[in-house]
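Working notes for the structure below.
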Amino acid sequence: MKRLFHLAQWAALIALVLFAWRSLMRPIPAPDYHPDEWSSWRGFYALSYAGVTRKGGGDYVSTAQLAEHLHALHEQGFKTIKPEDVETFLQGRAPLPDRAVLLLFEGGRKDSYLAATPLLRRFGQVATMCVPTILTRRWGSFYLRTSDLKRFARQPHWSLASMGHAAILPIPVEGGAEGRFLVQRQWKKRQLESLDAYRERVEKDFAQAQAILQHATSRPIKLYLLPFADAGTSPGSIPEAEETIRACIEAHHRVAFTRADDAFNGPDSDPLQLTRLRVRGSWDAQRLLQGLAKCEPRPEPIAGIGDNSQWVYDGNGFAATGSLNLAAGARAWARGSSDWSDLALSFEVNRPAGGTAALYVRYAGPSRYVRLWLDDAGLRIQERLGSTMQTLALQPATAGSPTPSNVALRTRGNRLWVQAGLAPPAGPLPLSRFTTRGRIGFEAGATAISVRAFSATPLPSLVVLSQSFRSLDRALQDATALWIPTWFHADRAPEFTPNMRSELLAAAAQGVQVIPRIAGLPRPDLDRSFAEHVAESLSEIAARTLITRIALSAPDFPLAERLRQQGYSILFEIQAKDAHALLRSPHLERESDLLLIKGNALAVGEALAEAEREIPTSRLIWKTNQELALPPGIRRAVQIESGEPP
Amino acid sequence: MKHGLSRWMAPVWALGLVCDVCAARDRGAALSVIELIHRARVEVGNTNLPAARLLAEQAVAVDPAYADTWKQLGRVLMLQGHPEEALNAIDTALELRPDDRELRRWRPGILRDLGWSHWARGERDRALACFNEALKGALDNREALVRQVFALLAEAGPREEAAAFLKQWTDTQTQAELGYFFFERDRLVAAEIAFDTALTSGARSASVFSRVAFLRALRGACEPLARDLKSWLADNEAFEREEAEFLHESLLLCAMRESGELPQRTAPEPTAALTDRLERLARARLAERDYAQAYRLYARIAARDPNRRCYLRAASAATALRGDAGALEFLSALAERTRDPATRAGILGRLARIRGEADRAVAHYRESLDADPKQADLRYELFSTLISLGRRDEARDQLAWFIERLKHGDSSAQTPLAEMWATLEDYQGALNMWTTLAKQYPSSAYYVVERARVLDRMGRSDEARDSLMDLTRRSEDAQALQLLAEILLRQNRPLDALDAVERGLRIEWSPALLRLRDQALQRATRAPE
């Protein structure tokens, strides 16, 4: 009996050792992460979790909820990505998976890590832990510690990001209150710190966090997640905060999430002003997917107000019976409009006396947008640039002509037109190069408002090859985003004539980008100074500013290189059959070149399919005069023979 | 949505006026075009035009396809006095926004300024093209431009061009009004062309006829006057008194005796107004060294009013024309007729000086000045006479009188003072005064020449030479070329001197220039430059 007991003991011990050995030696499953297979240039979603706790609640999700979320994402085909993927994507260097999502866990909490890791492994996903590094030095096991970070860096399912060092902690501010670290000046030694001291403190916080994380991971941390999504534009921020924060982010990181108002980031998003969706503790998987669906970009026009599913609300609002109703102080964003740029829009607003209503377009965060502001004083067209609000035009209300209620608006490139009521249209008004794309939304001021008769249509983005812009008919001009005139020929000395200048100004005044084309290529014997002469002929101030790219009628790499040396980007016009070779060529600048591909539809389709795995679809153009259904993001070029040569 | 530019500038819209967060202007990585334009406007308001220009240029560099950037740049350039660049900017702005009313209003003004700029550089055709283009637009105060350009064309010639310009931009009534305008200001060439143009356009009034007759007589165009007189008289029977006097004076100036054809056979009593006018004209002719015309007019003045105090100038004209004998004859005859003691004493003094009796001349001059101490010309004459006698201290007393006059704001004392200082070898005082005068009257070659003369005497020949070269590049003046040749010869540049002399001789044949030519030729053949 005793012997049997000993045997049992040995058996149990051996079993235990075997179990431990198996557990330790079992390989961690590799994440489902295959950049080579990715080919989408649409954009990516970003979700952030404040934390994962056992029971959840408040801002935190429970482990079970997280499991449900990750499972749902997996089931719906979402593929998780890493911070470096975001960087290369936004640089136009590499595509993403079709439904890319960046998972962010805020706060550097160990419980989030412990709860999420097995789930990530189970679903083959990757995530990013955003760490306020001051917490890594605290006693206890609640936050990841410095020693954990080193282990963390070796985990295939995790990446690290910075949330600053002490930026999440409150600071004493004037009046004995607590303030926000990054956006307010500290009360120290019975006085307010100087501006220089403020800037130094903020800069030091970024640098310190980067140093700690870099020490742990042996590589620079690319991503920064701005605590409280406060980029220095919130009430109470000092005026210098926005610029200071931006400068520090730029100095220490490559991508930054500074907003939390949308899940989707398109290919033209500012890498330093990205947005993520904060996942609430109360959300189940369905609610999460709904939240993502609301942010999904929609290319199709919006006709009418629709129902509540068409709007994302900040504050109280509802859509019913063709009317969008907003309570005082509320905002409503048109679903999926975050990547909209050129558009035509109209609406009618019902605003009580004393109330204000605002329309936002190209809203890319609180510091970048275009706004139409309607109140009893009249209509203002404004552009927000950082901390500066600029009024582009003003239509004051008068006794005989009150503020209009029906407004139409159109944007194309860096131009804006507005027509309000019976007044003559305003425009073209100049927009800055920073306000390029963003959401459409409405805001109610001190009183409730309702919006009716709303429609918004993305403008066609046609590429037109013709000799004269002015002789194009009006509709074609309006549809044109990019105009390519043949101004130069390899056989002739380049010359920029007064008529070309007039054409250039006429097109640019309508927000159309102009790319002069050099014909007669390739020419192996072309004079080496030809590119210099082109640049010289375009040295007049209007041409110098407005022309940044030259189109080559065929790939001519030496000429392209010399034009690049003169500061120009290149558009290559190629036959579909030559696309493969060009895409493999080291002479193609993948981060900037445009490709205009021509040939029969089948060949072009194949060439484009190959090309979009290499360069963003926004840089691909299909030259065809036929009305074809083009792959998403790819533009169509048409050749117009009419028009006087310059 | 209709977004034509044509309706954009309606007044209900106010473009880019407001910077809502002006306190925050210095922040932000890059300034938008609206902000740059706004700042440029502010700097224009502060009259800091260089800063405004810089900002406007930055705005253009940021968004050259936005009309307001060029508009603002054009405005600043316009204010800075760069009309050519301003016009380019405004034309670009108009290309981008053809219906901008403000731009349309500015353009003619810029063209006008550009026209003046071309004119100043001697680019007459380009200037005229600009003026004509400006007048096609809605130019503020266009009458002034027509008047100014017409006067310039009239005085620079040819007459036909001036007449054609006037006809293009004015109606008959305006042409006649311009004739009166210039007539009253003694701008005789312009007045005559304007009246002639009015006449050919149908303004055949006695008032116009009589003035045209007078103007022709003044410039010695007696033959055309005689030719047209009959038909003019046939057109008009009634002549006002002033018109009759113009006609009579015209016949007398032309030494025509057909006064019987005039409506009033007896000559009207000479009026002081017309005599004053003749004296002003005679003085102007004398200043331009047109001695024949000057003497002719002084002769008429003496005939109309022998008491006039212009006998010294008349004598200068007579001397220049016919030598001392001519002056003696003129003054002797005048002395017989004058009844004014001051005038008579002055004439006697001048006669004495011509005859070489300087002491006696001084006594007569003092007598005249006792009778009327305000005779500036006579005082200067007394000064010169005293200098010739070596009585410099007494001469200085006369200088003091002029200084006193200048202190009391009499600017006519400036020229004699400058000349007196130069005579007394107080070159710094003379230089200061000539410099002031040259700045006050930039179109007058005389002051530049005299200033250069003083500089030369002060040993600053290079400065004198440069100022004369600058002057002679802009306008041909015999005195300037003569002085320039003298300096160049002294500086051992005989070929340049010869060039200056040749140019001078093309304007005026003078013994001094001939002498200089000989010297230059001799030196040029001796030593190569």
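The values are calculated or read from the model by the stated rules, or taken from the named source; none is laboratory data. This one's a predicted model, so the numbers in the text were calculated from it and none came from an experiment. Quick reminder, even Gly has a Cβ in these numbers, built from the backbone with ideal geometry, and neighbours come from all protein chains shown. These accessible areas exclude ligands, DNA and RNA; they are computed on the full protein's heavy atoms, side chains included. Shrake-Rupley method; radii C 1.70, N 1.55, O 1.52, S 1.80 Å.
Determine whether region A:335-342 contains at least one residue that is surrounded by 22 or more Cβ atoms within 10 Å (Cβ to Cβ) and in a strand (DSSP E or B).
No, because not a single residue in region A:335-342 is surrounded by 22 or more Cβ atoms within 10 Å (Cβ to Cβ) and in a strand (DSSP E or B).
Okay, residues lined up against (1) at positive phi; (2) assigned to a helix (DSSP H, G or I); (3) within 35 Å of the chain's Cα centre (by Cα):
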{"residue": "B:Thr319", "(1), (2), (3)": "no, yes, yes"}
{"residue": "B:Gly326", "(1), (2), (3)": "no, yes, yes"}
{"residue": "B:Glu336", "(1), (2), (3)": "no, yes, no"}
{"residue": "B:Arg339", "(1), (2), (3)": "no, no, no"}
{"residue": "B:Thr343", "(1), (2), (3)": "no, yes, yes"}
{"residue": "B:Gly349", "(1), (2), (3)": "no, yes, yes"}
{"residue": "B:Arg353", "(1), (2), (3)": "no, yes, yes"}
{"residue": "B:His364", "(1), (2), (3)": "no, yes, no"}
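When A:Glu612 is evaluated against the numbered criteria (1) within 25 Å of B:Pro64 (Cα to Cα); (2) open to solvent by less than 50 Å² (accessible area, probe 1.4 Å), which criterion, by number, is the only one it fails?
Going through (1) within 25 Å of B:Pro64 (Cα to Cα); (2) open to solvent by less than 50 Å² (accessible area, probe 1.4 Å) one by one, A:Glu612 breaks only (1).
Pick out, from region B:415-529, the helices (runs of 4 or more DSSP H) lying fully within it that include 2 or more residues that are surrounded by 15 or more Cβ atoms within 10 Å (Cβ to Cβ), in contact with a helix residue (DSSP H, G or I) (Cβ under 7 Å, 6 or more places away or on another chain) and among the aromatic types (Phe, Trp, Tyr).
In region B:415-529, the matching helices (runs of 4 or more DSSP H) lie at B:427-440.
List, please: which pairs have Cβ atoms under 6 Å, are six or more places apart or on different chains, and start with a residue in region A:505-525 that is away from chain B (no Cβ under 14 Å) and end with one that is among the aromatic types (Phe, Trp, Tyr) and outside any loop (DSSP other than H, G, I, E, B)?
A:Pro516/A:Trp487; A:Ile518/A:Phe488
With respect to the numbered conditions (1) in contact with an Asp or Glu (Cβ under 8 Å, 6 or more places away or on another chain); (2) at pLDDT 90 or above; (3) more than 14 Å from chain B (Cβ to nearest Cβ), which one is the sole condition not fulfilled by A:Leu289?
(1)
Could you list all residues from region A:210-249 that are at pLDDT 90 or above, of a type in the set (A, V, I, L, M, F, W, C), part of a helix (DSSP H, G or I) and more than 25 Å from the chain's Cα centre (by Cα)?
A:Ala211, A:Ile212, A:Leu213 - these are the residues of region A:210-249 that are at pLDDT 90 or above, of a type in the set (A, V, I, L, M, F, W, C), part of a helix (DSSP H, G or I) and more than 25 Å from the chain's Cα centre (by Cα).
So which strands (runs of 3 or more DSSP E) are wholly in region A:346-438 and hold at least 1 residues that are open to solvent by 30 Å² or more (accessible area, probe 1.4 Å) and more than 10 Å from chain B (Cβ to nearest Cβ)?
Fully inside region A:346-438 and qualifying: A:368-375, A:406-412.
Restricting to region B:83-93, what's the tally of residues that are open to solvent by 10 Å² or more (accessible area, probe 1.4 Å) and more than 11 Å from chain A (Cβ to nearest Cβ)?
Of the residues in that region, 4 qualify.
Out of (1) out of contact with any helix residue (DSSP H, G or I) (no Cβ under 8 Å at 6 or more places or on another chain); (2) open to solvent by 20 Å² or more (accessible area, probe 1.4 Å); (3) part of a loop (DSSP other than H, G, I, E, B); (4) of a type in the set (S, T, N, Q), what's the single condition that is false for A:Ser269?
Going through the list (1) out of contact with any helix residue (DSSP H, G or I) (no Cβ under 8 Å at 6 or more places or on another chain); (2) open to solvent by 20 Å² or more (accessible area, probe 1.4 Å); (3) part of a loop (DSSP other than H, G, I, E, B); (4) of a type in the set (S, T, N, Q), A:Ser269 breaks only (1).
Residue-wise test of (1) assigned to a helix (DSSP H, G or I); (2) open to solvent by less than 50 Å² (accessible area, probe 1.4 Å).
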| position | (1), (2) |
| --- | --- |
| A:Leu135 | yes, yes |
| A:Trp139 | no, no |
| A:Leu149 | yes, yes |
| A:Phe152 | yes, yes |
| A:His165 | no, yes |
| A:Gly179 | no, yes |
| A:Gln184 | no, yes |
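So, in region B:97-156, how many residues would count as being touching a His at 6+ places or on another chain (Cβ under 8 Å) and open to solvent by 20 Å² or more (accessible area, probe 1.4 Å)?
2
Give the residue that is surrounded by the most Cβ atoms within 10 Å (Cβ to Cβ), with candidates limited to residues of region A:555-566 that are touching a helix residue (DSSP H, G or I) at 6+ places or on another chain (Cβ under 7 Å) and either of a type in the set (A, V, I, L, M) or not in a helix (DSSP H, G or I) (or both).
A:Leu559
Please state which of the following conditions B:Ala40 fails to meet, knowing it meets all the rest: (1) over 23 Å from A:Ser539 (Cα atoms); (2) open to solvent by 10 Å² or more (accessible area, probe 1.4 Å); (3) away from chain A (no Cβ under 14 Å).
(2) is the only condition that B:Ala40 fails.
Scan region A:624-642 for residues that are modelled with pLDDT under 80 and touching a Phe, Trp or Tyr at 6+ places or on another chain (Cβ under 8 Å) and report the count.
The number of residues fulfilling the criteria is 1.
Scan region B:48-58 and give yes if some residue there is closer than 30 Å to B:Val149 by Cα, touching a residue at least 12 places away in the same chain (Cβ under 8 Å) and either within 14 Å of chain A (Cβ to nearest Cβ) or in a helix (DSSP H, G or I) (or both), otherwise no.
Within region B:48-58, one or more residues are closer than 30 Å to B:Val149 by Cα, touching a residue at least 12 places away in the same chain (Cβ under 8 Å) and either within 14 Å of chain A (Cβ to nearest Cβ) or in a helix (DSSP H, G or I) (or both).
If A:Arg523 satisfies all but one of (1) open to solvent by 20 Å² or more (accessible area, probe 1.4 Å); (2) farther than 25 Å from A:Ser592 by Cβ, what's the number of the condition it fails?
Here A:Arg523 clears every test but (2).
Condition first: in contact (Cβ under 8 Å) with a residue 12 or more places away in the chain and open to solvent by less than 50 Å² (accessible area, probe 1.4 Å). Now tell me which residues in region A:619-632 satisfy that.
Listed by number, the residues that qualify are A:Arg619, A:Leu620, A:Ile621, A:Trp622, A:Lys623, A:Thr624, A:Pro631.
Does region A:468-476 contain at least one residue that is within 23 Å of the chain's Cα centre (by Cα), of a type outside the set (Val, Ile, Thr) and either open to solvent by 20 Å² or more (accessible area, probe 1.4 Å) or over 20 Å from B:Thr69 (Cα atoms) (or both)?
No, there is no match, as no residue in region A:468-476 is within 23 Å of the chain's Cα centre (by Cα), of a type outside the set (Val, Ile, Thr) and either open to solvent by 20 Å² or more (accessible area, probe 1.4 Å) or over 20 Å from B:Thr69 (Cα atoms) (or both).
Residues in region A:439-446: is at least one of a type in the set (Phe, Trp, Tyr), away from chain B (no Cβ under 13 Å) and touching a residue at least 40 places away in the same chain (Cβ under 8 Å)?
Yes, the conditions are met somewhere in region A:439-446.
Can you tell me which condition B:Gly409 does not meet? The list is (1) assigned to a helix (DSSP H, G or I); (2) farther than 30 Å from B:Asp496 by Cα, and all the others hold.
(1)
Does region A:533-554 hold any residues that are open to solvent by less than 40 Å² (accessible area, probe 1.4 Å), in contact with a helix residue (DSSP H, G or I) (Cβ under 8 Å, 6 or more places away or on another chain) and outside any helix (DSSP H, G or I), and which are they?
A:Leu538, A:Ile547, A:Ile550, A:Leu552
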